[in-house]
Amino acid sequence: MLVRWLCLLLLAVLSVPATAATAWVSDEIYVPVRSGAGSGYRIVHRGLKSGTQVEFLGEEGDWAHIRHGDVDGYIGKQYISRTPVAAIRLRDATQKAEKLEQQVSTLREQLGQAQSERDRLSGENQELQGSLTSRGQELDKLRDVAADPLRLDQANRRLNEELSMLRSDLDQLKAENAMLRNDNTSRKWITGVAILILGAVAGLLLKSRSGRRRGGWAN
């Protein structure tokens, strides 16, 4: 009975399928190059790796005439592609992606620098605006200060003009006073002379009357 159970267990184990592993078929192949357009011609190159760039010279039936460096021969036309194989396209795309990533990284760095520069310039702009406002206030003060001397100068000019007019008037008054003084002096002289003449005449008259009285007494 035990032997029977062991046999059944062994059969069950053997009947379980083995676990399959994942694998891929490689697309990397080597194509031999022959001296002529046919499989009977000798091999002039053991094999060109898939993705190798060759010079296409023409075709003969199912064979393509190619040249690769010093090798000139024929390979099966099914191995010729006018476009790069997937591996090459993937490699080119990867290289382009890497270049784009580098460019993106460079652009991000430049963007960061530009943002930093913008922030710096914005700060400087605010400082300049504040300085400009302060300078504007100082300029207004300077204008007010400068306006006072201008007003003073204008007032001085007006006062000088008034002073000049007053001096002219004073000179004119002095001249008139001098003329009046001269007239008064002349009048005084005339009055004095007249008084002297009248006094002399009066004296002569008194003397003449006195002589007549004496003469009358004597008679």
Original post:
Under 20 Å Cα-Cα from LYS174, which lysines qualify once same-chain neighbours fewer than 8 residues away are excluded?
Top reply: none
Original post:
R0 = 22 Å: FRET efficiency of THR185 with MET165, Cβ-based, nearest 0.05?
Top reply: 0.15
Original post:
Does a label point 7 Å from the Cα of ILE80, set along Cα-to-beta-carbon, have any residues of segment 40-72 with amide nitrogen under 13 Å, and which are they?
Top reply: 54-68
Original post:
Gap in Å between the Cα centre of segment 94-130 and the Cα centre of segment 169-206?
Top reply: 109 Å
**OP:** Using a 1.4 angstrom probe, figure out how much accessible area segment 97-157 has per residue, in square angstrom, rounded to the nearest whole.
**Re:** 90 Å²
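The values are calculated or read from the model by the stated rules, or taken from the named source; none is laboratory data. Since the model is a prediction, treat every value here as computed from it, not as a measurement. Quick reminder, even Gly has a Cβ in these numbers, built from the backbone with ideal geometry, and neighbours come from all protein chains shown. Ligands, DNA and RNA are stripped out before the accessible areas are found, and what is left, the full protein with its side chains, is counted by its heavy atoms. Shrake-Rupley method; radii C 1.70, N 1.55, O 1.52, S 1.80 Å.
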